[in-house]
Amino acid sequence: MSWSRALLTALAVCALLLAGSAGCGSGDAQARKRDRVSPSPVGKVLDDTDEQGRHYREVSKKGAPEVGIEVEPDASDDSWDVRLTVHDFRFSPAGVKPAAVAGRGTVRLLVDGRTVARLRVPEYRLAAGLVPHGTHHVTARLYADDGTVWAVHGKPVESTADITESAVQATPDGSKTPGSAPTRGPE
């Protein structure tokens, strides 16, 4: 009977050694897998970029985020009130992980193609100094948290309003009235 006990003991030791090494190996494999950066499953990153070189992230039209913009003059201080409406989109709070999550991110506000603000809320006051005399294009463009531009059919998800800042006009009683007038562009 001693040989059968020795055989059972030897088999038990081998089983423990194999289980222990398999456990160590799989833990290492899991650690390596966590360390790898995997491509985002949200949409497809295109070669096309915006003016700042940020790549477009193509998503299907069905369920794609949307943005609308409305800009009105604020006569009290010659600034402009910007209001955004979004559909299938959530504003990300500060400090989120820089990864693309479906329908989430920030809005960049551009005046004549130049970024003036990165928004995490649907309202903004555009300072008068950013809109000199003349007609300007104010654009709200949606970005994922990884910095890519949400896009549908190769075009960025954005909305533009045209605004015109006119010269200040004097009234007959000597007071001044602002000559600004918003005009709505395609949304």
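The values are calculated or read from the model by the stated rules, or taken from the named source; none is laboratory data. Bear in mind that the values here come from a model prediction, so they are computed numbers and not experimental data. Positions of Cβ are generated from backbone atoms using ideal geometry, with glycine treated the same way; all protein chains shown enter the neighbour counts. Calculation scope for accessible area: heavy atoms of the full protein, side chains included, ligands and nucleic acids excluded. Shrake-Rupley method; radii C 1.70, N 1.55, O 1.52, S 1.80 Å.
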Worksheet item: Which condition number does Arg90 fail, the rest of (1) touching a residue at least 24 places away in the same chain (Cβ under 8 Å); (2) open to solvent by 30 Å² or more (accessible area, probe 1.4 Å); (3) basic (Lys, Arg) being met?
Response: (1)
Response to the item:
Those residues of the range 131-154 which are of a type outside the set (Gly, Ala, Ser) and closer than 14 Å to Lys44 by Cβ amount to Asp146, Thr148, Val149, Trp150, Val152, His153
Worksheet item: How many residues are in contact (Cβ under 8 Å) with a residue 24 or more places away in the chain, closer than 21 Å to Ala102 by Cβ and open to solvent by 70 Å² or more (accessible area, probe 1.4 Å) if we restrict to the range 40-75?
Response: 7
Worksheet item: Within the set of pairs 6 or more residues apart or between chains, which connect a residue that is touching a residue at least 60 places away in the same chain (Cβ under 8 Å) inside the range 107-123 to a residue that is hydrophobic (A, V, I, L, M, F, W, C) and part of a loop (DSSP other than H, G, I, E, B) with Cβ atoms less than 8 Å apart?
Response: none
Practice prompt. Could you list all residues from the range 29-67 that are among the β-branched types (Val, Ile, Thr), in a loop (DSSP other than H, G, I, E, B) and at pLDDT 95 or above?
Written response: Val59
Discussion item. Would you confirm whether or not the range 97-112 contains a residue that is over 16 Å from Leu142 (Cβ atoms), in contact with a strand residue (DSSP E or B) (Cβ under 7 Å, 6 or more places away or on another chain) and of a type outside the set (Ser, Thr, Tyr)?
Written reply: yes
Practice prompt. Would you check which residues across the range 40-86 are closer than 22 Å to His133 by Cα and of a type in the set (Phe, Trp, Tyr) and list them?
Written response: Trp80
Item to complete: Can you give me the number of residues within the range 146-187 that are closer than 28 Å to Arg118 by Cα, modelled with pLDDT of 55 or more and of a type outside the set (A, V, I, L, M)?
Response: 15
